[in-house]
Amino acid sequence: MSRLRLGVNIDHVATIRNARGGSYPDPMRAAELAMAAGADGITAHLREDRRHISDADIEALAVITRKRGRPLNFEMAVTAEMEAIALAHLPHAACLVPERREERTTEGGLDVAGGHNAIAPVVRRLVDAGIRVSCFIDADPIQAQASKDIGAQVIELHTGAYCDAVRERTGEAERLLANLRNTAAEAGRLGLEVHAGHGIDYETVKPIATIPDLAELNIGHFLIGEAIFVGLVPAIQRMRALMDQARANSEAELAQGISR
Ligand code: PXP
């Protein structure tokens, strides 16, 4: 299993800043600290209603991530406005997400199979500009295949339903984890790079990190919440350590199984 990358989503530093207007706390300071703490990249979602990250944030993030040689993962709705912004800043990656103004967060994956005709040309233009395109989808092999068909190089699996099931002890967690595992394996067979994110915390990161086909996790809300209590650097370092530990344990179990 390869090392699992950690992308830190800093949206909710901007949420706190925007609660009072002004410039504090500064998402750029969070991005700098996150990279110093071991984040492999920075993720930010410029929502159509600009509820947290602003256009100026994206501009500044594009500059500082480039300076530090770390990837910026730009989460965006599939709209002409967001496409133009992506093409203006040329982030390393663009993650296409569904967006509804009334939702509190991104509640489900993008329907790539159903929206094929509208999404495919956007993917083509982003890929042609050198941006690595990922589709944020539910754990469904049909959506993984559709993402491959429209030319995306990456999928990001929505882990929200699984994480909610663990927290709320609904009894659905094992089935939802198996869906994530199976869709990741299927996407791997299709030649897609597989990421995962949404709702991940110190508990759910452990089983998720053992999914061998995953290359990257994108984590935001929980880390920014933990940062209030322990600081951003220790929160990221602990998440990083849990990811590495989970992968090492899973490799050791695999090796034991083989030698038995
Ligand atoms: N990945 C994607 C595509 C997302 O939209 C989000 C939330 O913005 C995340 C990961 C991170 O989710 P969370 O903030 O719950 O960790």
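The values are calculated or read from the model by the stated rules, or taken from the named source; none is laboratory data. Small disclaimer: the values here were computed from a predicted structure and weren't measured. Cβ sites come from the backbone with ideal geometry, for glycine too, and all protein chains shown count toward neighbours. To get the accessible areas, we keep the full protein, side chains included, count just its heavy atoms, and leave off ligands, DNA and RNA. Shrake-Rupley method; radii C 1.70, N 1.55, O 1.52, S 1.80 Å.
The figures follow:
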{"read-out": "Signed unit charges on C-beta, dipole axis of the stretch 161-260, positive-most listed residue Ile208, Ser259, Leu176", "value": "Ser259"}
{"read-out": "Dipole of the chain, positive direction: furthest Cα of Leu61, Ala37, Ile150, with charges on the beta-carbon", "value": "Ala37"}
{"read-out": "Karplus 3J(HN,Hα) series, Hz, for the stretch 152-164 with 6.51 cos²θ - 1.76 cosθ + 1.60 (x for Gly, Pro)", "value": "5, 8, 9, 10, 10, 7, 6, 9, x, 5, 4, 5, 4"}
{"read-out": "Residues with amide H under 5 Å from that of Asp138, placed H, sequence gap 5 or more", "value": "Gly109, Leu110, His158"}
{"read-out": "Order by protection proxy (mean Cβ within 10 Å, highest first), peptides 87-96, 15-24", "value": "87-96, 15-24"}
{"read-out": "The chain: C-alpha gyration tensor shape, a/c 1.5 cut-off, then a/b vs b/c", "value": "oblate"}
{"read-out": "Vicinal HN-Hα couplings computed from phi for the stretch 78-83 (Karplus, 6.51 cos²θ - 1.76 cosθ + 1.60; Hz; Gly/Pro x)", "value": "7, 9, 4, 4, 5, 4"}
{"read-out": "Dipole magnitude of the chain, debye to nearest 20 (Cβ charges: Lys/Arg +1, Asp/Glu -1, about Cα centre)", "value": "700 debye"}
{"read-out": "Dipole of the chain, positive end: most advanced residue of Ala118, Ala196, Ile236 [Cβ charges, Cα centre]", "value": "Ile236"}
{"read-out": "Net dipole in debye of the stretch 143-260 [+1 Lys, Arg Cβ; -1 Asp, Glu Cβ; about Cα centre; nearest 20]", "value": "200 debye"}
{"read-out": "Accessible surface of the stretch 153-237 [probe 1.4 Å, protein heavy atoms]: carbon and sulfur percent", "value": "54 percent"}
{"read-out": "Per-peptide average of other Cβ atoms within 10 Å, ordering 134-145, 31-42 highest first", "value": "134-145, 31-42"}
